[in-house]
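The values are calculated or read from the model by the stated rules, or taken from the named source; none is laboratory data. Just so we're clear, the structure is a prediction, and the values are computed from it rather than from any experiment. The area values use the complete protein model at the heavy-atom level, side chains included, leaving out ligands, DNA and RNA. Shrake-Rupley method; radii C 1.70, N 1.55, O 1.52, S 1.80 Å.
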Amino acid sequence: MKRAIAGLYAITPDEPDTDVLLDKVAQALRGGAAVVQYRNKTAGVDLRRKQGHALAALCREAEAHFIVNDDLALALEVDADGAHLGGEDGDLAVAAVQAKVDYLAFGSVFDSVTKPAAVRAPLAIFAEARRRFSLPLVAIGGITLQNAPQVFGAGADAVAVISALFDAGDIAACAAGFARLYQQQGMQQ
């Protein structure tokens, strides 16, 4: 049984070495990541297929959700749990809910090194979305261990993280930190 879409939603870095990528993701899963999104904007088709298949297997073994970013064909090929489509990839929340999506993601909630020009989503969007939809809400963009409590406090169920997680000296410990923050927020509500 897969974990709920809650707590840490790990988004992979652009890593050309598949073994290094698998090791990093395995550490994040050991630390408690509930979701892994494969995002590699620099990889060619063959590398994306290789990494996609390997990550899908790793996530299945860990009973974590596996999502593929911006590539529906690859998501179908590797039997991913879903595909992540951004604001530029199609209509937003209401159409998504009508299509029976599993979660909604909003961002960038903070300045992001990955997408510095991203439109900012205010934290208040989570309270609004909570009133309108009964889906897990994911926050993305510039999230760190220091600002994640604000995001969980605003109503997000999960935080999507790249740099703060995969640039950490101890990825598993960092992942566990995000998972702990989510659990602590749940106890306060």
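Counting only DSSP H runs of at least 4 residues, each contributing -39500 (n - 2.57), and dividing by the residue count of the chain, the helix-based mean residue ellipticity at 222 nm comes to -13000 deg cm²/dmol. Rolling a 1.4 Å probe over the protein chains gives Thr42 an accessible area of about 100 Å². For the chain, relative contact order (Cα pairs under 8 Å, six or more residues apart, normalised by length) works out to 27 percent.
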